[in-house]
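To keep things clear, I will list the structure first and then write my remarks on it.
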């Protein structure tokens, strides 16, 4: 009910702003008067109007509203101001919350956005980070300093947005979701089906300067090859027996670390090796295509290696059937692992919980108990009625673990 009423009020303000736009110069003068009105709603209408109008005076009229006493007005003014000062703004871009085009330069009016990082309202702070993130690639010291300040924000969504803009690991969830030094399209991905080909690529690709992440090390044959070539090797497997045995066998090698870890546990992989230059992925040559694709997707979400080698029989068969691939559009050069919500790890768990793999759904349920979010609790309640008993048990245990905790919206 409250959401519907809020949407109705928003539509009313939009309609009033449209009426002012049709009035030309007179509408601009009326909007100037509304910007000084004691009514929060009317000041909000003025902010919407100044965003939509293509008048060079609009940005100056929005500046006082950035310090308005009402958080909702400040938020609307911030979005409008960010859109007005963006150099790539055109008539077709009436109200872009996030301008997709890379800006050619930092606009003079950016100084007005910098103090918004310290606003008392979390929505305003989050919006300010998103507005400044568009200029992060330009390496402006003022903007970088403001984004660094946002990394210490008490709210995770603000910290995560700042980390994404700076291209660093989020201090809240440990997920690296930022703008990387190289695009995903620049990562060389090699898919093989045989063990021999997989190990041959280990001999040929690894260089003395490489840091290698090996997911699915098994008995360690490929691990030994990589260790003889690379500067650093982190090998993980989800088998306690195999990792303990391999750790003992390679105890004398100082450049190898063997760890017990699930490949889907991205924060743990980042803690083990934050910047791998090579990734070797073998979770079983006969593993299902959706499981292999999911693991590859997670690796490219968190890391930007120069190359990744994947061993999967099903994936090679699938790729052999592909005859044409459409190149990605310029505005699609953003990896799908970046969640629009600003919390990649939570979005990933929700995605994983719908996997066709029972093992993946169980893993998701177990991870959800550490993140008390309303969306995860709702999904766990649904998983408690899953067709598979293992998933039902994992969901039930997670819900019991969250039993007395307070749900975060």
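Every number here is computed from the coordinates shown, using simple stated rules; none is lab data. Because the structure is predicted, anything quoted here is derived from the model rather than measured. Heads up, the Cβs are rebuilt from the backbone with ideal geometry, glycines too, and the neighbour counts pull from every protein chain shown.
Annotations for the structure displayed:
- Compactness check for segment 184-322: Cα Rg over 2.2 N^0.38 Å is 0.96.
- Shape call, segment 344-401: gyration tensor on alpha carbons, a/c limit 1.5: oblate
- With 0.36 nm allotted per residue and the present C-alpha distance subtracted, the residue 320-residue 239 stretch has 26.0 nm of extension available.
- One chain, two ends: residue 11 and residue 37. Fully extended at 0.36 nm per residue, the span grows by 7.4 nm beyond their Cα-Cα distance.
- Pairwise label distance in nanometres, residue 274 with residue 144, each label 7 Å out on the Cα-Cβ vector: 1.6
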